[in-house]
Structure formats: structure tokens, C-alpha cells
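Beneath this line is the structure, given in C-alpha cells, with notes to follow.
The values are calculated or read from the model by the stated rules, or taken from the named source; none is laboratory data. All figures in this text were calculated on a predicted structure; none of them were measured in a lab. Cβ coordinates were reconstructed from backbone atoms using ideal geometry, including for glycine residues, and neighbour counts include every protein chain displayed. Note: areas computed on protein heavy atoms with side chains; ligands, DNA, RNA excluded. Shrake-Rupley method; radii C 1.70, N 1.55, O 1.52, S 1.80 Å.
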Amino acid sequence: MSTELSVVGDRARIVPASATASLDARLKDLTASGQDVINLTSGEVDFPTLPSACAAAVEAIASGLTRYTAVAGTAELRRAISEWLSARHGTSYPPGQIVVANGAKQALFNALMAMLNPGDEVLLPAPYWVSFPHMITLAGGTARVVTGSPGGGFKITPEAISAHATARTRALVLNNPVNPTGAVYSRAELEAIAETAERLDLTVVSDEIYAELVYPPATFTSFASLSDDAMRRTVTVNGVSKTFAMTGWRIGYAAAAAPVIKAMTAIQSHSASGPSSISQRAAFGALTSPDAVAELARRRADLDRRRRILIEALAGLPAVRVPFEPAGAFFVLADVSACLGRRHGGTVIGDAATFAQALLDSELVGVGPGDSFGAQGYVRVSYVVPEARLREGIDRLHRFTSALRDQGPGLR
């Protein structure tokens, strides 16, 4: 009989490690070992952090700003976030209704922890970011998955929300632009959802981390900017990671009604305290840089060019289909269901995970299996690599799909 003490609780037992983080770690290990890996799974842009952010961090270290800050973040950073959201997104959150966290991921987790009671239901549009269902579980809630139509970019509708809501439904998670699909909700679509949220009395957790990565003619609308009621019932989550290429600095934030922010701050005070003082100063430097908006426009144009290269190339691959053109973030969700049941060498492609594994083994190209995103039969392809590497990755993907064969009688 084992004498080991079991200390893992029930909720922790059923929550796996992040699939995207695990895959990214493996790809980086292969690269470090000298393999010529092309990583098309990445969730971070390949641009440098803004010089203004780096300079602010250096200045903070030199001047001794290396102590604890207020749990909710420094006053100057919360003021800068308030001004940025007002100028860029048309919302009017005062600094006291903002909490700074160790990345947008922690802000999302804290929001769900603050809102949910055991058994509360949360409507979760699919495909979804891999961590959402597990965050809901850890917070004691139950995810009710709502899947949209591929032809409509998988975007959910008011009808779908109403059909899935029950007496226990407390909230709706809305990621716009969407990871992993790249879909962007129009203002009219959001207004219709807002009317439904008001009728059903739902809190909306609006993950807007990709707000600055929307490609013309699409435009971004912040959910909280729609109306006074939308503002009242929304927890807006964003951060500097995707916007300013600052993933490693770990600064995200949430803006919401004062009682929600108070609860989130209390939770953070007992789990992580305030974020790094150096990182907060760097985020302040980015948000207040006079060159920030112009630089973001240049970077967005660069990503848009890569987006179009990838969409056009995927359309020409055997047995790969792109059901809609993404208008935001930096991912394309590709349908590889026509590849399933076929084989590559001695490997039968049984699902998207097998597809991704065989592609990595044979061509050293990494893509994200859609299973973890609630998108069976799809893979997420990121285009945040230099253009030459993106084209090389596409060539390898073409070689891989061209080599797929129907199963022979002995493999059936």
C-alpha cells in the first residue's frame, strides 16, 4: 500500500496544464537543441518591446522603484490605462475602477473568482481560448459551451445565447477579437448581444487583449462603450502583452464597476499582491509614449501583410480549408478534417492532434491542435514569424499535406 499523502484537490485533478504553453515549451526546446523548427503556434508578436517601455524600466531600476506597489497597481499606471481606454475605446473608467494584474490571464481568473458561486453557469463561445473552461471550473462554475457557425466566423448570436441560458447562468465570456479564430464582432453584432445580456441579466467578461490588432475594413468596438447598461455589467480585460510586444513583462488589467474591482483586488492581495514595480513602470512608458499609436499602426500593417500571405497560401493546400477570413488577432483557424483518416508514412491521422504531431515530426513545423480550443478537426496557425520563415513554413505544410495518402487495406 502506498504511503504517499494525496494533497491534490478534486478541482485541480481535472484541470490539465495549458496545452498551448506545453506545446510552445516543447517547440522552444527543439529549437534550443539546434532543430530548424518553424513555430506557427506562438501567441506573442515578434516585434521588439517599445523603446519607451524599456527606457522607463531602466529608469525605474536606477531610481530605486523596486519595492511593493499598491495591490491594484500604481496610481500613475491606472491613470494612464484610464486615459488610454478613453482615447482608444471610448470608455470612461476612472482609475479607481481599474486593477492591474500579472498579465490579462490573472485578471480574467480574478474576475471569474470574484463573480462566481459554486454551480453558477458561464456561457462560453467556442472555439475558445484554451484556459477559459478551466478557469471557470477552478472558480467553481460550469461552462456552457455555445458553438457558432463556421461560415459566420463561429461568432455567437443572441438566439444561441438565449437557447443555452438557464436559471443558473450568471455570465457570458466574450473574447473580441477572438483567439483562436481571429473573428471580430461588428458593433451591430455586439449591440444585439448587449440587449440579450440585459434581458437575461448576464455579466459580460469582455476579453479585449487583441483590440489593437484589427485589420481594415474591420473595426474594433469595446463592449463597455455600447451603452450605460453595457458599461455597468461588463468586466473589461486587456493588457500590454499583445499591444506592445510585452508578454514577458506580465502586465494586464481589468476595468469594471467599483464593487467588482474591490473584490478582484482583495483576491489578488491574497494570491499575488501587486505586479512587478519595474513592469508597471514599463507599461506606463508604453501607454504614454507619443509614438505609440503610430508604431502600432505600422506593426498592424506588417501583420496584415503576413495574414494575407497565409490565407492565400492555405487556400491552395491539399485537404486544407479556411472557412472564413479572420479580421483580427494573428491566427488563422484551418479546417483539416479532410486529412483525418488518411496517413502520412506509417501514421494514421486520426485527429487534429495527430495531424499536428505528424507535421512536427516530419517537417519541424508547429501548429496548434484545435481540440484544446473546442474546435475538433481544426488547427490554429499563427503568423507572428518573419515573412521568410512564414513562407518556408507554408512550403513545408504543403509538402506534408501533399504526402498524405488514403489508408491501405491493411491499415483500416
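Condition check for W84 on (1) buried (at least 18 other Cβ atoms within 10 Å of the Cβ); (2) over 21 Å from the mean Cα position of the chain (by Cα): one failure, at (2). Within region 295-330, the residues that satisfy the criterion of being within 21 Å of T243 (Cβ to Cβ), outside any helix (DSSP H, G or I) and either without any contact (Cβ under 8 Å) to a residue 40 or more places away in the chain or open to solvent by less than 10 Å² (accessible area, probe 1.4 Å) (or both) are P326, G328, A329, F330.
In this structure, R79 does satisfy being closer than 30 Å to S227 by Cβ and in contact with a Pro (Cβ under 6 Å, 6 or more places away or on another chain). Can you spot a residue in region 37-44 that is under 28 Å from L287 (Cα atoms), surrounded by 15 or more Cβ atoms within 10 Å (Cβ to Cβ) and modelled with pLDDT of 95 or more? No: region 37-44 contains no residue that is under 28 Å from L287 (Cα atoms), surrounded by 15 or more Cβ atoms within 10 Å (Cβ to Cβ) and modelled with pLDDT of 95 or more.
The rows are residues; the columns are (1) at pLDDT 95 or above; (2) under 24 Å from the mean Cα position of the chain (by Cα); (3) small (G, A, S).
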position	(1), (2), (3)
L65	yes, no, no
A75	yes, no, yes
I98	yes, yes, no
A101	yes, yes, yes
D120	yes, yes, no
P127	yes, yes, no
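Within region 392-406, the set of residues being of a type outside the set (S, T, N, Q) and either touching a residue at least 24 places away in the same chain (Cβ under 8 Å) or in contact with a helix residue (DSSP H, G or I) (Cβ under 6 Å, 6 or more places away or on another chain) (or both) comprises E392, G393, I394, R396, L397, H398, R399, F400, A403, L404, R405, D406. Condition test on A358, is it under 26 Å from V130 (Cα atoms), assigned to a strand (DSSP E or B), of a type in the set (A, V, I, L, M, F, W, C) and open to solvent by less than 20 Å² (accessible area, probe 1.4 Å)? Considered against the rule, which asks whether it is under 26 Å from V130 (Cα atoms), assigned to a strand (DSSP E or B), of a type in the set (A, V, I, L, M, F, W, C) and open to solvent by less than 20 Å² (accessible area, probe 1.4 Å), A358 comes out as no.
Restricting R380, R396, R389 to residues that are assigned to a helix (DSSP H, G or I) and under 25 Å from the mean Cα position of the chain (by Cα) narrows the list to R389. Can you work out which of the residues in region 242-252 that are in contact with a strand residue (DSSP E or B) (Cβ under 9 Å, 6 or more places away or on another chain) and open to solvent by less than 10 Å² (accessible area, probe 1.4 Å) is nearest to M113 (Cα to Cα)? Per the stated criteria, the residue is G252. When region 21-32 is filtered for residues that are out of contact with any Gly (no Cβ under 6 Å at 6 or more places or on another chain) and either in contact (Cβ under 8 Å) with a residue 12 or more places away in the chain or not aliphatic (A, V, I, L, M) (or both), the ones remaining, listed by number, are S22, L23, D24, R26, K28, D29, L30, T31. Would you check if there is a residue in region 175-196 being at pLDDT 95 or above, on the phi > 0 side of the Ramachandran plot, more than 14 Å from the chain's Cα centre (by Cα) and not in a helix (DSSP H, G or I)? No, because not a single residue in region 175-196 is at pLDDT 95 or above, on the phi > 0 side of the Ramachandran plot, more than 14 Å from the chain's Cα centre (by Cα) and not in a helix (DSSP H, G or I). Condition test on R144, is it touching a helix residue (DSSP H, G or I) at 6+ places or on another chain (Cβ under 6 Å) and of a type in the set (K, R)? It is true that R144 is touching a helix residue (DSSP H, G or I) at 6+ places or on another chain (Cβ under 6 Å) and of a type in the set (K, R). I'd like to verify a number: residues in region 44-73 that are more than 25 Å from P95 (Cα to Cα) and part of a loop (DSSP other than H, G, I, E, B), how many? The total comes to 5.
If the condition is being open to solvent by 20 Å² or more (accessible area, probe 1.4 Å), modelled with pLDDT of 95 or more and part of a helix (DSSP H, G or I), then region 331-355 contributes S337, A338. The residues of region 105-129 that are of a type in the set (A, V, I, L, M) and either in a helix (DSSP H, G or I) or crowded, with 24+ Cβ neighbours inside 10 Å (or both), listed by number, are A107, L108, A111, L112, M113, A114, M115, V122, L123, L124.
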